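**Q** One structure, as structure tokens, below. Some questions next.
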Amino acid sequence: MTATDSDAAALRRIVAAARPCVQGLAPYVPGARPSTVDEQVCRLASNENPLGPSPKALAALAEPANLSRYPDNDGHALREVLSARHDCPADCLLFGNGSSDLLDLVACAYLEAGRSAAFARHAFVVYPLVVQAAGAEARISAPHPAEHEQPLGHDPETLRERVSETTAVVFIANPNNPTGTVLTDDEIRTLIEALPPQVLVVLDEAYAEYRDPIPAAGRFLEYPQVIVTRTFSKIFGLAGLRIGYALAHPEVVAMLNRVRQPFNVNTLAQQAAVAAVGDEEHVAHSRAANAEGMQRLLEAAHGLQLRPLGTHANFLTLDFGDQAQAVVAYLRERGILVRALPEYELPDWLRFTIGTPDETRILIDALHAWRQS
Ligand SMILES: Cc1ncc(COP(=O)(O)O)c(C=O)c1O
């Protein structure tokens, strides 16, 4: 055997030595980005806030931070402002490097081979990833039909039926990405009470601040088996800093803390998040701009006879049938980046983040031009 052959064999062996559940994983596919730093495009593929971060957060980032020191491992300042904001004890809070980090901590603490997690088809794509990475089984429930008032959204009844004696976690995205649908608090409460009490219910509320009214994050704290996750990536416009938080019973928080990496949330993210929580004006402005853009895009979709899914977040998902891939390319050529949804098992649908008023106008004009082409 030549040196090259033995190198190749050694490489094959080390790659094959990874856990089988990891070998079968397809990595997360992020929304499209501009091809160069300078390319001017409408970025409507990743559900970010088109208005950017809160000005108060930007001002906080300009303040001196001692970056030669490790971050505050317990996020004291952010803990204080969020416990006041949500009127909850400080030890109910847990911070993550984005809320995806918190979903991963749940999988790490509660899932392993022989256990399972239940979630609905078309639910946020990080759930199957963290479940499979933990070696657990994904038990996927049938969604509502497309004609339902929450089209393709989570059906709490079928979700409950998918829970078996192996199920340790149920993931619910509320609103869900990419269907933009919601479950009511009554539906969630009924579901929680119908589940065995040892099943951890993860209520992922990444888009909660776009709902009307904004639901209180602590409204399920009476249930020790519920954990609510939120993020600074969406309405707070801080996706690039990676910070999210969870509210849960202090003992559940303590359990998740055992698997949390030390210093998982960086100093600048904490500093900006504290300021962002206090910038109610930016949140109100972002909500109003989103509602207006949503309305305009929805009207255009009706005019173009494109069937929409739910409208409870900062994106709208539309049915293009077998034209979906062609529309992605058509829009890309015109500098508009949108999200195709094959990994959500929605190959006929495209998801559009609500952009600035200009971006919405450019998108609507392009969709009209495509229809006429
Ligand atoms: C439903 C849902 N949950 C969680 C996240 C994760 O967001 P982050 O990790 O940026 O907090 C996203 C991001 O798109 C999402 O759509």
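**Q** Determine the dipole magnitude for segment 1-116: charges of +1 sit on the beta-carbon of Lys and Arg, -1 on that of Asp and Glu, nothing else is charged, the reference point is the Cα centre, and the result goes in debye to the nearest 20.
**A** Details: 10 positive and 14 negative charges, 55 e Å.
Roughly 260 debye, rounded to the nearest 20.
**Q** Identify, among VAL283, CYS42, GLN261, the residue whose Cα sits farthest towards the positive end of the charge dipole of the chain, taking +1 on the Cβ of Lys and Arg and -1 on the Cβ of Asp and Glu, with the dipole about the Cα centre.
**A** Result: GLN261.
**Q** Near ASP91, within a Cβ-to-Cβ distance under 13 Å, what is the net charge of the other residues, with Lys and Arg +1 and Asp and Glu -1?
**A** Net charge in that neighbourhood comes out at -2.
**Q** How much length would be gained if the chain were fully extended between ARG85 and SER35, taking 0.36 nm per residue of separation minus their Cα-Cα distance, in nm to one decimal? Numbers along the way, then the final one.
**A** On the way: separation 50, 0.36 × 50 = 18.00 nm, distance 3.98 nm.
Result: 14.0 nm gained on full extension.
**Q** Then there is this: Obtain the radius of gyration and the Kirkwood radius of segment 134-217 from its C-alpha atoms and give Rg over Rh. If you can, show how the numbers build up before the last one.
**A** Details: Rg = 12.9 Å, Rh = 13.5 Å.
With Rh from the inverse mean 1/r over Cα pairs, Rg/Rh is 0.96.
**Q** Averaging sequence separations of C-alpha pairs under 8 Å and six or more residues apart, then dividing by the length of the chain, give the relative contact order as a whole percent. Can you show the working numbers first?
**A** Numbers: 688 pairs, mean separation 86.5, N = 373.
It comes to 23 percent, rounded to a whole number.
**Q** Projected onto the charge dipole of the chain (+1 at Lys/Arg Cβ, -1 at Asp/Glu Cβ, origin at the Cα centre), which of LEU363, PRO128, LEU309 gives the Cα projection farthest towards the positive end?
**A** The Cα lying farthest towards the positive end belongs to PRO128.
**Q** Calculate, axis by axis, the spread of Cα positions in segment 20-85 along the three principal axes, and write the results as whole Å, longest axis first.
**A** 41, 39, 30
**Q** Just to verify a number: FRET efficiency for HIS148 and ALA216, C-beta to C-beta distance, R0 = 30 Å, to 0.05?
**A** Efficiency for this residue pair is about 0.70.
**Q** Suppose only helical runs count, i.e. DSSP H with n ≥ 4. What mean residue ellipticity at 222 nm does that imply for the chain under -39500 (n - 2.57) per run, divided by all residues and rounded to the nearest 500 deg cm²/dmol?
**A** Working: 13 runs with 142 residues, N = 373.
Helix-only estimate at 222 nm: -11500 deg cm²/dmol.
**Q** For segment 64-80, take each phi angle, set θ = phi - 60°, evaluate the Karplus expression 6.51 cos²θ - 1.76 cosθ + 1.60, and give the result in whole Hz per residue in order, putting x for glycine and proline.
**A** Couplings: x, 10, 7, 7, 7, 9, 4, x, 5, 5, 10, x, 4, 5, 5, 4, 5 Hz.
**Q** Related question: Considering the options LEU200, HIS76, ILE140, tell which one lies farthest towards the positive end of the dipole of segment 55-278, charges being +1 on Lys and Arg and -1 on Asp and Glu at the Cβ, about the Cα centre.
**A** My answer, from the dipole projection, is HIS76.
**Q** For VAL201, which sequence-distant residues (separation of 5 or more, or a different chain) have an amide H within less than 5 Å of its own amide H, given hydrogens modelled in the peptide plane?
**A** VAL170, VAL226, ILE227
**Q** Just to confirm a number: summing +1 for Lys and Arg and -1 for Asp and Glu over residues other than ALA109 whose beta-carbon lies under 13 angstrom from that of ALA109, what do you get? Intermediate values should be presented prior to the final figure.
**A** On the way: positive: ARG115, ARG258, ARG260; negative: ASP101, ASP104, GLU112, GLU251.
Local charge sum for ALA109: -1.
**Q** May I ask you to give the solvent-accessible area per residue for the chain, in square angstrom, as obtained with a 1.4 angstrom probe? Display every interim value, and only then the final one.
**A** Working: 17230 Å² over 373 residues.
Normalised by residue count, the accessible surface of the chain is 46 Å².
**Q** To the nearest 20 debye, what is the magnitude of the charge dipole of the chain about its Cα centre, counting +1 on the Cβ of each Lys and Arg and -1 on the Cβ of each Asp and Glu?
**A** Numbers: 31 positive and 45 negative charges, 149 e Å.
Its charge dipole is roughly 720 debye.
**Q** I've got another one for you. From the phi angles alone, apply the Karplus equation (6.51, -1.76, 1.60; θ = phi - 60°) to segment 363-373 and give each ³J(HN,Hα) in whole Hz, x where the residue is Gly or Pro.
**A** My calculation for segment 363-373 gives 5, 5, 4, 5, 5, 5, 4, 4, 4, 7, 7 Hz in order.
**Q** Further question on the same structure: How much net charge surrounds PRO151 when only the other residues with a Cβ under 10 Å from the Cβ of PRO151 are counted, with Lys and Arg +1 and Asp and Glu -1? Numbers along the way, then the final one.
**A** Numbers: positive: ARG307; negative: GLU147, GLU149, ASP319.
With Lys, Arg at +1 and Asp, Glu at -1, the net is -2.
**Q** Report, in whole Å, the centroid distance computed from the Cα atoms of segment 305-338 and segment 47-112.
**A** Using only Cα atoms, the two centres lie 32 Å from each other.
**Q** In whole percent, how big is the carbon plus sulfur part of the accessible area of the chain, probe 1.4 Å, protein atoms only? Walk me through the numbers before you get to the answer.
**A** On the way: 9200 of 17230 Å².
Roughly 53 percent, rounded to a whole number.
**Q** With N denoting the number of residues in the chain, provide Rg(C-alpha) divided by 2.2 N^0.38 Å, to two decimal places. Could the numbers behind the result be given before it?
**A** Working: Rg = 21.4 Å, N = 373, 2.2 N^0.38 = 20.9 Å.
Relative to the 2.2 N^0.38 Å estimate, the chain comes out at 1.02.
The values are calculated or read from the model by the stated rules, or taken from the named source; none is laboratory data. Since the model is a prediction, treat every value here as computed from it, not as a measurement. Virtual Cβ from ideal backbone geometry, glycine too; neighbours counted across all protein chains shown. Remember, those area values only see protein heavy atoms, side chains included, never the ligands or the DNA or RNA. Shrake-Rupley method; radii C 1.70, N 1.55, O 1.52, S 1.80 Å.
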